[in-house]
Every structure is written in C-alpha cells, then in structure tokens.
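Below: the structure, in structure tokens.
The values are calculated or read from the model by the stated rules, or taken from the named source; none is laboratory data. Every value quoted in this text rests on a predicted model; they were computed, and no experiment measured them. Quick reminder, even Gly has a Cβ in these numbers, built from the backbone with ideal geometry, and neighbours come from all protein chains shown. Only protein heavy atoms, including side chains, enter the accessible area calculation; ligands, DNA and RNA are left aside. Shrake-Rupley method; radii C 1.70, N 1.55, O 1.52, S 1.80 Å.
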Amino acid sequence: MSKPLNRVFSGVQPTGNLHLGNYLGAIKRFVELQNSHECIYCVVDMHAITVWQDPAELRQSTREVTATFIACGIDPAKHIVFNQSQVQEHAELAWVFNCVARMGWLNRMTQFKEKAGKHKENASVGLFAYPALMAADILVYRATHVPVGDDQKQHLELSRDIAQKFNVDFEASIAEAGFEDGFFPLPEPLITGHATRVMSFRDGNNKMSKSDPSDMSRINLTDDADAIAKKIRKAKTDPEPLPGDTDGFEGRPEAENLVGIFAALQDSSPQDVLNTYGGGQFSGLKSDLADLAVEKLGPIGAETARLIADPGHIDAVLKDGAERARAIAEPIMRDVKKIVGFVGG
Ligand code: TYM
C-alpha cells in the first residue's frame, strides 16, 4: 500500500482576532495551494483550550476563523474545512503520539516556554502535550505538506520526529499490515514567501501576535480602512531613508518588516519594493502601503462580516467538512490501532 501524494493540512487557532501575520504567513498560502493540492484546513478548537477559553467566545471565534477562511478564498466545497473537535480521531491519535514522543523533546519547545512563562507548574498538561496533538492533526490524514508561518517550524520538526519514531518503533507490525517504507510520511513544512514572520508594528524584534496587549501592534483582519491606515502611519520606523537594496536591512527590522509586508501583499519581492521606494522617506512607503492594505484586506473584512451574520451556514460548512475529514481519518486510525496492537474490528 502506498502513501497519498501531496496532501496539504494546516490549522489555525480560534483564539481572538486573526491578524496580518496569520493572513500573509498562512491563510494566503492556504488559498494558493488549492490549485495544486488536495487541502484540509482545520480550525483547531482543541488546541485553543490548552489555555482557558470562555465557551461563548470560543464558539464565536471558531465561526469567525471559518468565515475568514472562506472570505480569503478557501473553497469548502472543493477542499475540506472543519473544526478539530468534530473529528475524534485527532484526539485518539494524539494519545498514541503522547506515548511515542519523549519528555525531552517536548521540553525543548520554545513556544511552551514562552506561553507557560515563569510558572511552568501552573500550565495545563495540554499546553505541554500540544505538539503531539499537532502531529496527530497532520498525520491522521497522512498529510505530506504543511503551510505555516516561521513560528511553527519547531513544532513541524517534532511532528517529523514523531512520525519517524512511530515508523521505527512499529516497523515489523507496519510491514505485517502491508505497508512499505513506514506508515506515516514525514510531513514537510511549507514556509514560503516574504512574510513568513510578520513583526509587531510597535517593535520590529517581536512577532505580530494576537496576544500583544497593544492593538496598535497589529492589523486585525476585521479592522476598517481608517484603523488600517492609522496603524500603518503610526508604525515604528527608524530615522534613516529606506535602503536601496535588501543588504541595507541589516539592523533595521522595522524597515525590513514594512517592505516585506508590502512585497507579500502585492506578490512581488522586497527588492522590487526597494526599486521604487529605496532612498526615500518612510512616509511615502507607508502611505502607499496603507492604500494597498486597505485594497487587499478591506474586502476580506467585509465578506467575513457578511458570512458571520449567518452562523447556521457556517455550522453547516463545518459539519460537512468534518464528515469528509472523518472519511479519511477513520480508516487511517483503524490501521494505527491494528499496528499498535489494539484488539478490535
Ligand atoms: P496559530 O493559530 O498561532 O497561527 C496560525 C498560522 O499563522 C501563522 N502566524 C504567523 N505567520 C507570520 N507572521 C506572524 N506574525 C504569524 N503569527 C502566526 C502561524 O505560523 C500559523 O501557520 N499550532 C498552530 C496551529 C496548528 C497547526 C496544526 C498548524 C494546530 N495543528 C497542524 C499546522 C498543522 C498555531 O498555534 O497557529
């Protein structure tokens, strides 16, 4: 039996507002991959509760992320869009992976260290085991490619380690079940484009993030034109003119960030942007960037708002997606159980 070729999986957490980093680093790529791959896009509500969530807000955020996916151009009829908790195989495989992954591997995860902060003992067990659930999300579909922003790279490496260790630990059993060359593919991260790490507008050394207390640090995908323009106008810069080429970004993270965002939004390269704006002041770049961002993001915000007004439709999309996702995950999980040695039909 062979492994599926070119199946894409990725997930986004329904915790608070989606922002420009989520769009350029992930969702815009999700849309592009639809032309060349079979894609599965998941709203990862089980990941969200690794940190306490208000139930009503979690429901609302889950629908909002789904609406944003569709508003950005993901087609839930051609591809699969669903929320994680509706497909029980994610949790089942995550348990098996909890038993494959090593404490030492998870202890090295920088995201856990950042999120748990100084009080590791108070963090949930789920937050620690999070990367094993993430590996299960991908591998329960035996997905081969995973589009993500740069901050997920370490988690993807761990997913590969888990897949590899499972294939080795159960080598004989996998062969007995009729699979050649291991059971799980080693999923490849797709971290591409010029905005794989969009930085905060307040500090070019920090990632743009939904948990930043300053709303001025990020553009939310629900921001209106005035808010987008204001945030770009007020974004931190340095006093020098823009460099003529990309070597000049050395030590100038704010310049690099704004130019990278510009390039990503208009599907060009940072050098192309510098060919127009190099040697000039930030104000010229910022004014055109504001227009470009409003042109690209405005319709997404408006369409998201339109879709969210009909939660019944969103829920139907998620239910249909979950059924189609289960049709793939269920037989794979049945094989996993056989391989591991669980008795059952
Ligand atoms: P999450 O919900 O934090 O972010 C969703 C996606 O947005 C990307 N991203 C960024 N990209 C560029 N610049 C930024 N400032 C920025 N901030 C966020 C993230 O890299 C991500 O691709 N653990 C994941 C969700 C997940 C998942 C998965 C992803 C769960 N299971 C399986 C892939 C495969 C997360 O918390 O993403």
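Return only the number of the condition from (1) within 21 Å of the chain's Cα centre (by Cα); (2) open to solvent by less than 30 Å² (accessible area, probe 1.4 Å); (3) in the same structural domain as D150 (by TED's automatic domain parsing); (4) not aromatic (F, W, Y) that E188 does not satisfy.
(2)
Residues that are within 11 Å of the ligand (Cβ to nearest atom) and free of Cβ contacts under 8 Å to residues at least 60 places away in the same chain: which helices (runs of 4 or more DSSP H) entirely in region 1-73 hold 1 or more of them? Please lay out each step first, then the result.
Working: elements: 28-33, 45-48, 55-72.
Correct list: 45-48, 55-72.
Run down K230, K234 and say which single residue is touching a residue at least 24 places away in the same chain (Cβ under 8 Å), over 16 Å from L265 (Cβ atoms) and among the basic types (K, R). Before you say what the answer is, go through the steps one by one.
Working: K230 fails: touching a residue at least 24 places away in the same chain (Cβ under 8 Å).
None of the other options fit; the residue is K234.
Of the conditions (1) within 8 Å of the ligand (Cβ to nearest atom); (2) open to solvent by 20 Å² or more (accessible area, probe 1.4 Å), D137 satisfies every one except a single condition; which number is it?
Failing condition for D137: (2).
From D267, D247, which residue is part of a helix (DSSP H, G or I), free of Cβ contacts under 8 Å to residues at least 24 places away in the same chain and not hydroxyl-bearing (S, T, Y)? It would help to see each step written out before you state the result.
Details: D267 fails: part of a helix (DSSP H, G or I).
Unique residue meeting the criteria: D247.
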